[in-house]
Amino acid sequence: MLTSSSKKNRKKWLIGALLILLAGVATAWWIFTEKFDDTSKVQSDFTVTAPAFIKEFQQDLKKANEKYSEKIIVVSGTVTKIETVDTTANVKMIDNQTGDYIIFAFQQQHLAEARALKEGDAVSIKGSCSNGVYSDILGVTNISFKRCAVNK
């Protein structure tokens with residue numbers, strides 16, 4: 001049989017657990033519904049060339065990730081490959097010597113710009129740098145960008 005004080009403690013624990021659960025649900029909702037500004041209208045943190053940018057990740061992946069992760073960056077280079085599917089477009093700039101590459105995923109409102117690009121085009125692309133990773137399986141470093149737009 002539960003005493004009066006253990007009933008109060010149990011009630012406090014249940015209320016505390018409910019509050020924690022509600023805070024978790026609110027945080028998850030905020031994260032999944034977060035809206036971002038149009039990248040083409042956001043001030044960039046860095047402006048780089050693709051070869052120099054790739055080289056920086058090759059030399060020190062951890063340091064480059066600390067410097068560039070979640071920053072808005074303008075990258076100038078040559079389009080090496082374009083991958084388009086119904087609702088997405090990815091543009092790649094590849095270092096032909098090492099196979100390392102940068103991949104840019106375009107925002108919905110900028111898909112037409114990405115699809116208008118051709119392999120071999122010199123272009124400047126602005127986006128949010130997700131991270132660079134080295135793949136032991138492929139033996140290459142890839143640097144991914146999200147929310148991209150052609151920089152004008």
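A few remarks follow.
- Set Ser130, Ser124, Ser44: member being part of a loop (DSSP other than H, G, I, E, B), out of contact with any helix residue (DSSP H, G or I) (no Cβ under 8 Å at 6 or more places or on another chain) and open to solvent by less than 50 Å² (accessible area, probe 1.4 Å): Ser44
- One residue stands out in segment 110-121 among those that are open to solvent by 30 Å² or more (accessible area, probe 1.4 Å) and either more than 17 Å from Glu83 (Cα to Cα) or of a type in the set (Gly, Ala, Ser) (or both): the one that is nearest to the chain's Cα centre (by Cα), namely Ala112.
- Output for segment 47-86, where each listed residue is exposed (fewer than 14 other Cβ atoms within 10 Å of the Cβ) and part of a loop (DSSP other than H, G, I, E, B): Asp60, Ser69, Glu70, Lys71, Asp86
- For Ser144, the test of being under 18 Å from Phe53 (Cβ atoms), open to solvent by less than 20 Å² (accessible area, probe 1.4 Å), part of a strand (DSSP E or B) and of a type in the set (S, T, N, Q) is failed.
- Residue in segment 105-119 that is within 19 Å of Ala52 (Cβ to Cβ) and either without any contact (Cβ under 8 Å) to a residue 12 or more places away in the chain or in a strand (DSSP E or B) (or both) present: no
The values are calculated or read from the model by the stated rules, or taken from the named source; none is laboratory data. This structure is a prediction, so every number in the text was calculated from the model and none was measured. Every residue, glycine among them, receives a Cβ derived from its backbone with ideal geometry; neighbour counts consider all protein chains shown. Note: areas computed on protein heavy atoms with side chains; ligands, DNA, RNA excluded. Shrake-Rupley method; radii C 1.70, N 1.55, O 1.52, S 1.80 Å.
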